Amino acid sequence: MKKRFLTLLLFVAAQAFSSADDRPNIVFIFSDDHATQAISAYGGPLAEIAPTPHLDEIAQEGMLFQRCMVTNSICGPSRATILTGKYSHKNGFFMNEKTRFDGSQQTFPKLLQKAGYETALIGKWHLASDPTGFDHWDILPGQGSYYNPDFINPEGKYRIEGYVSEVITEKAKQWLDKERDPDKPFILMVQHKAPHRAWDPAPKYLTAFDDVTIPEPDTLFDDYSGRGTAARDQDMTIEKTMTMGRDLKVKELDDTGNFVIGALGRMTEEQRATWDAAYQAKNEAMLAAKLEGKELVRWKYQRYLKDYLRCIKSVDDSVGEIQAFLEASGLAENTVFIYSSDQGFYLGEHGWFDKRFMFDESYRTPLLVRWPGVVEPGSVNTDLVSNLDFAQTFLDIAGAEIPEDMQGGSLVPILEGTVPKHWRMTHYYHYYEYPGWHMVHRHEGVYDGRYKLMNFYDLEEWELYDLETDPQEMKNQYENSELAGVRKRLHGELDRLREQYEVPENEKQDLTNVNMHFHSEEIRKRGIERMKKRQENAKKP
């Protein structure tokens, strides 16, 4: 009897091990500030000029999500939401500045470890604290460097010669090939620095797009007349905020020394020679032309977009290399391959770069998923999904239990071709980092796939947009009586979602005594002066 019981126990254990061994692997490639406008599978004016063939291949073999919305359009908070499946007010990471992620809290990597998965993180972390819940981690400190980047792992800090996207890719392939446990299913998070500011391209792509003119967006010279204070009061325009030295690579105009000492100072002699050969003659021609006004803005736009797209080429290469490695090693058919970014980005729309606003270019992020045998190739989904859903999705793929306190929903049913009966019809957004980089006012809002309601609560201003009739979000319709029913409905939805997600009441903080950390004393002083002036004007009759 005991022998039969032992045999049965061993059989059950063997079956469980076999089942765990057969569970899908997950490769999650995650970039920084990658706009959907810069992925050719999403279409648009850049699609033919700057194709992304390897990213497009994921869409062709899997599912492209048209409406993947972020909860808070800024790097660190987006990453914290993905790790926890919770909004910023629940995971404690509201903004990049002066914030550390609490690694002791529940995260999906820890839950995957408990479920028998091996977990690995390589590349950009940007959450201030050390990663937890990962069997292997090897990360960039802070924002990281494009050339000859430093890395940090449990043994300490070190530097590697090379271009950051290529180094991260090689590290990922090395882990897949030599360092993982072949008897365990795994999740590998490959997190790129590119295409984050200041958009330093790889040596092999420094002259890409030299022979083309990038089409300008219709709103490059937007005057913000159709919107409220927040759109006019930001500090993120190509015209006024983008620096000629660090951002646009004109070392003769690098008045801070940050570019020459920092980025160029990290390069080897060979890298520097290749860099100078690519930029110097073009810079000299621009300086000789003595451009001003709109012509200078147009030159800046071309330099910015070309460098941004050059960085994207390296990200697309990484996707292709890792896909090819999975194919060659026999892992591809049992691996869910996911590509996304921490949020979208402005590529000159409204005259802007950066993100933060709930306007569509920064609010929407790319999401592409290939899952052989599950996702129908060439699928396109238009439901409202979110980075809030990623944690639950990873756990569901692994067959792990999903905690009730996570606030999103698993995308697995959608990937299988069925939208859950009670899937969200509206999405909640909340941005907190003010005052801070680019001076975008705090705001929250709700979006139903057509209409978008925003509450800039420090300004006591509301904005409402109809993206069907106004896809560029140029005209605030909040006072439009014809949309009174829409306005009332969205206010109700905003109240409902605030209650559902347990969002604390917005505090009207005293903005004259801000003690946040800023990378630039000039930015801090400028921000405080602008806030004081605004508060003084508000007191006037």
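Relative contact order for region 400-479: 16 percent, from Cα pairs under 8 Å spaced at least 6 residues apart, divided by residue count. In a DSSP loop and with at most 13 other Cβ atoms within 10 Å, the trypsin sites (Lys or Arg not before Pro) in region 358-459 are K421, R450.
Among beta bridges from DSSP that stay inside the chain, the antiparallel ones total about 50%.
The overall shape of the chain, judged from the alpha-carbon gyration tensor, is oblate: a/c is not under 1.5, and a/b is no greater than b/c. Short-range pairs are left out: with C-alpha atoms under 8 Å and at least six residues apart, the relative contact order of region 26-414 is 33 percent. Basic side chains Lys and Arg get +1 at the Cβ, acidic Asp and Glu get -1 at the Cβ, and with that the dipole of region 26-414 about its Cα centre reaches some 780 debye. Using C-alpha pairs below 8 Å separated by at least 6 residues, the relative contact order for region 252-398 is 14 percent. In terms of its C-alpha gyration tensor, region 282-356 has an oblate overall shape, because the principal axis ratio a/c (a ≥ b ≥ c, square roots of the eigenvalues) is not below 1.5 and a/b does not outweigh b/c. Other residues whose C-beta falls under 10 angstrom from the C-beta of D135 contribute a net charge of -1, scoring Lys and Arg +1 and Asp and Glu -1.
Shape class of region 182-273 from the alpha-carbon gyration tensor: oblate, with a/c at 1.5 or above and b/c at least as large as a/b. Taking 22 Å as the limit for the C-alpha separation, the pairs K171/K204; K98/K240; K251/K282; K90/K452; K306/K355 exceed it in the case of K98/K240; K90/K452. Note on E404 and T256: with the Förster distance fixed at 51 Å, the Cβ-Cβ geometry gives a FRET efficiency of about 0.55. Our note on the geometry: Cα centres of region 250-328 and region 411-477, 33 Å apart. Relative to one another, the C-alpha centroids of region 106-138 and region 38-96 are positioned 20 Å apart.
Seen from S225, the other residues with C-beta closer than 10 Å to its C-beta sum to a net charge of +1, counting Lys and Arg as +1 and Asp and Glu as -1.
Read-outs throughout are calculated quantities, based only on the coordinates presented, and are distinct from any laboratory measurement. What you are looking at is a predicted structure, and each value in this text was computed from that prediction instead of being measured. Because the Cβ atoms are built from the backbone with ideal geometry, glycine has one as well, and the counts that use them run over all protein chains shown.
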